[in-house]
Amino acid sequence: MKRPELHRAEILVLRTLRRSVSSRFNELMKPTELQSDAFKFYARRLRELGYVEKDGDGNYTLTAKGKEFANNLDEETAMIQKQPKLSMIITVTHPEDTSRLLFQRRLRHPYYDFYGAISGPVKWGEEIEEAAARELTKQTGLTATFKVVAFYRQKDRDNETGAILEDKLFAVVEATIEHDTLGNAWAGGHNEWMTIETYRQQEKRFASTDGILRMRAADHTYASEEAKYTHDEY
């Protein structure tokens with residue numbers, strides 16, 4: 001569920017409460033430079049959102065939900081910090097031909113028509129192996145056992161402006177399957193067994209998959225790289 005947009009005054013209240021056990025109404029209002037009537041609206045809204053609570057003596061404190069939210073505030077800008085997106089990427093070797101790995105041609109935006117390994121998000125509170133099992137079955141019909149073997153970070157930049165499009169941290173997961181029961185019922189991509197040489201002949205390839213293949217070939221467990229994409233590619 002998407003977090004609500006907060007007014008600057010509300011963010012300042014959360015930052016103030018993060019540095020105190022509790023605060024009075026006037027102590028919270030002062031940094032916002034608002035008048036009492038205007039500030040009351042934002043103080044009430046924070047309580048309605050479940051970030052702040054008020055006791056019978058008029059003291060304001062952060063709730064558990066408010067503490068978690070306030071912990072993500074940037075101390076200098078008083079704005080919510082952006083953090084890398086956690087995903088996992090799965091390497092699957094064919095059970096009868098170890099020269100072939102499982103790759104997918106992506107059939108959805110962004111990065112439409114790019115080739116890469118099976119990947120997907122790690123949900124809040126979810127184990128990485130659980131995310132891998134969910135996405136592998138959804139996207140391929142396969143079941144497997146999983147092992148987290150490495151981490152790979154990639155920042156995607158706009159080729160013209162240099163602006164960061166995405167900042168991703170991938171958990172690299174090795175999947176072991178016993179039988180090739182590969183399916184292609186999922187509309188989001190087409191799955192295919194390929195050698196690494198055949199994969200590298202594809203014109204559009206995910207830089208993350210290329211980077212992970214290099215990293216694992218060198219037996220490294222962590223790498224951080226950048227990739228650039230044009231507007232048409234993204």
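Values quoted throughout were computed directly from the atomic coordinates according to the rules given, and no laboratory measurement underlies them. As the structure is a prediction and not an experimental result, all values here were calculated from the model. Here the Cβ is made from the backbone with ideal geometry for all residues, glycine too, and neighbour counts use every protein chain on show.
Give the cross-link partners of Lys30 among the aspartates and glutamates, using a straight C-alpha distance below 14 Å as the criterion and excluding same-chain residues fewer than 8 apart.
Glu10
When all alpha-carbon pairs of the range 8-70 are counted, what percent fall beyond 17 Å?
Details: 529 of 1953 pairs.
Summing the P(r) tail past 17 Å for the range 8-70 gives 27 percent.
Rounded to the nearest 500 deg cm²/dmol, what is the calculated helix-only ellipticity per residue at 222 nm for the chain, with -39500 (n - 2.57) per DSSP H run of length n ≥ 4?
Helix contribution divided over all residues of the chain: -8000 deg cm²/dmol.
Compute the whole-percent fraction of alpha carbon pairs in the range 1-132 spaced more than 22 Å apart. Don't jump to the answer; show the numbers that get you there.
Numbers: 4687 of 8646 pairs.
Result: 54 percent of Cα pairs exceed 22 Å.
Give a quick list of trypsin sites (Lys or Arg not before Pro) in the range 35-131 that DSSP marks as loop, anything other than H, G, I, E or B, with at most 13 other Cβ atoms within 10 Å. Walk me through the numbers on the way to the answer.
On the way: sites: Lys40, Arg44, Arg45, Arg47, Lys54, Lys65, Lys67, Lys82, Lys85, Arg100, Arg105, Arg106, Arg108, Lys123; in loops: Lys82, Arg108, Lys123.
Those satisfying the criteria are Lys82, Arg108, Lys123.
Straight distance only, please: which lysines reach the Cα of Lys138 with their own Cα at less than 16 Å, same-chain residues fewer than 8 apart left out?
Within the straight-line limit of under 16 Å, Lys138 reaches these lysines: Lys123.
How large is the direction-averaged shadow of the alpha-carbon convex hull of the chain, in nm²?
Values: hull surface 65.7 nm².
The Cα convex hull of the chain, projected and averaged over all directions, gives 16.4 nm².
How big is the Kirkwood radius of the range 72-147, worked out from every pair of different alpha carbons and given in Å to one decimal? Kindly include the intermediate steps, with their values, before the conclusion.
Numbers: mean 1/r = 0.0682 Å⁻¹.
For the range 72-147, inverting the mean 1/r across all distinct Cα pairs yields 14.7 Å.
Among the GluC sites (Glu not before Pro) within the range 65-165, which fall in a DSSP loop and have no more than 15 other Cβ atoms within 10 Å of their own Cβ? Numbers along the way, then the final one.
Details: sites: Glu68, Glu75, Glu76, Glu96, Glu126, Glu127, Glu129, Glu130, Glu135, Glu160; in loops: Glu75, Glu76, Glu96, Glu126, Glu127, Glu160.
Listed in order of number, the matching sites are Glu75, Glu76, Glu96, Glu126, Glu127, Glu160.
Give me the base-10 log of I(q)/I(0) for the range 35-103 at each q in 0.16, 0.20, 0.24 Å⁻¹, Debye formula, one uniform scatterer per Cα, rounded to two decimals.
Here the Debye-derived log intensity ratios amount to -0.73, -0.96, -1.12.
Could you check which residue among Leu62, Leu213, Leu142 shows the biggest mean-square fluctuation in a GNM of the chain with a 10 Å Cα cutoff?
So, out of Leu62, Leu213, Leu142, the one fluctuating most is Leu62.
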